[in-house]
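All remarks here apply to the structure that follows.
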Amino acid sequence: MKKTPRRARILALIGIILLLGMYGSTMVFALMKSPAARGLLMGSVFCTIAVPVLLYAILLVAKNVRGKALPRREENNADASATGSGSKNKPAPGQEDSEPSDADREETNK
């Protein structure tokens, strides 16, 4: 089993502490009776949702930039091999060429 680097574990622990702090501040702002409590609560709820989503997006982009993304399966080739027919250069539905190919012209001329 591959051991997680120490730096990653420390960053994960810091992230957990920040998330718990955001959840705690949201609870405190919800219970406050101050005039500014509503604005603080809305900001806290926004951050509680937006920060994890943005971090996840950054991680996805970083994996793709570094080339560590999961290998993608080509659906066109998988479909063609599963049915046993079809060409590799077949256009996607709705994106057919406006000009017929030479093979199509020969078939219509017969």
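Find the lysine pairs in the stretch 1-70 meeting two conditions, Cα atoms under 25 Å apart and a separation of 8 or more places or different chains, and report how many there are.
Values: Lys2/Lys63; Lys2/Lys68; Lys3/Lys63; Lys3/Lys68.
Lysine pair count for the stretch 1-70: 4.
One quarter of the convex hull surface built on the alpha carbon atoms of the stretch 23-71 amounts to 4.0 nm², the projected area averaged over directions.
We did not get these values from a lab; they are worked out from the coordinates using the rules stated. Keep in mind that this is a model prediction, so the values were computed, not measured.
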